[in-house]
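Here's the structure we're looking at; comments come further down.
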Amino acid sequence: MDTKINYKKLNKDCFWEYTFSEEDIDSLAHSDNFKEKQFLFEKILLNSTQFLFTLEVFERKDLRKLIEAFKVPSFNHDFIFRRKNMAEVHFLAKPLLIDELKWEV
C-alpha cells in the first residue's frame, strides 16, 4: 500500500457514493482486472483535487496503459481533456496541449 496517498481525501473526493477502505483502493489499483483499474483511474482523474499526486497509487506500466486507453468524453470535454493532458505531460512526457499553461519565451 502506498503510504504517500491520502486515502481519506481520495475517498472524500472520488468515492462519496461508496465506502472503500485503503485496502479496497489499493486492491483496485493493483488488480489483475483492467476494468477495475480503469474504474479507479477514471474516478481519480475526474474527481480528485490532487489527481497527479493521487494517480501515483498505480504502477507506472499500468498508468501508461490507463492514460493511453482513456477516451475523453464529449460531456465536460474541455475540463477532462485538460486533466488527461496534464497526466500525459506529467507521467508520459507527452507535449502540453493546453495553450494557457504553456510558457512563452
Among the candidates 67, 44, which residue alone is without any contact (Cβ under 8 Å) to a residue 60 or more places away in the chain, within 22 Å of residue 7 (Cβ to Cβ), assigned to a helix (DSSP H, G or I) and touching a Cys at 6+ places or on another chain (Cβ under 7 Å)? 44
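Can you confirm whether residue 32 is at negative phi, of a type outside the set (S, T, N, Q) and either in a helix (DSSP H, G or I) or within 14 Å of the chain's Cα centre (by Cα) (or both)?
The answer is no for residue 32.
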Name the residues in the range 1-26 that are free of Cβ contacts under 8 Å to residues at least 24 places away in the same chain and surrounded by fewer than 15 Cβ atoms within 10 Å (Cβ to Cβ), would you? 3, 8, 12, 16, 17, 18, 19, 21, 23
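Given the criteria surrounded by 14 or more Cβ atoms within 10 Å (Cβ to Cβ), touching a residue at least 12 places away in the same chain (Cβ under 8 Å) and of a type outside the set (Val, Ile, Thr), does residue 60 qualify? Before you say what the answer is, go through the steps one by one.
Values: surrounded by 14 or more Cβ atoms within 10 Å (Cβ to Cβ): no; touching a residue at least 12 places away in the same chain (Cβ under 8 Å): yes; of a type outside the set (Val, Ile, Thr): yes.
No; evaluated as a whole, the condition is false for this residue.
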Taking the range 70-105 on its own, how many of its residues are aliphatic (A, V, I, L, M) and under 26 Å from residue 7 (Cβ atoms)? 5
Looking only at the range 72-105, and only at residues there that are among the polar types (S, T, N, Q) and part of a loop (DSSP other than H, G, I, E, B), the one that is farthest from the chain's Cα centre (by Cα): 74
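How many residues, within the range 1-29, are part of a helix (DSSP H, G or I) and either acidic (Asp, Glu) or within 19 Å of residue 66 (Cα to Cα) (or both)?
Of the residues in the range 1-29, the ones part of a helix (DSSP H, G or I) are 7-14, 22-29.
Checking which are either acidic (Asp, Glu) or within 19 Å of residue 66 (Cα to Cα) (or both) leaves us with 10, 13-14, 22-29.
The qualifying residues number 11.
Each reported figure results from applying straightforward, stated rules to the coordinates on display, with no laboratory input. Since we're looking at a predicted model, the values are computed, not measured. Glycine also receives a Cβ, built like all others from the backbone with ideal geometry; neighbour counts cover every protein chain displayed.
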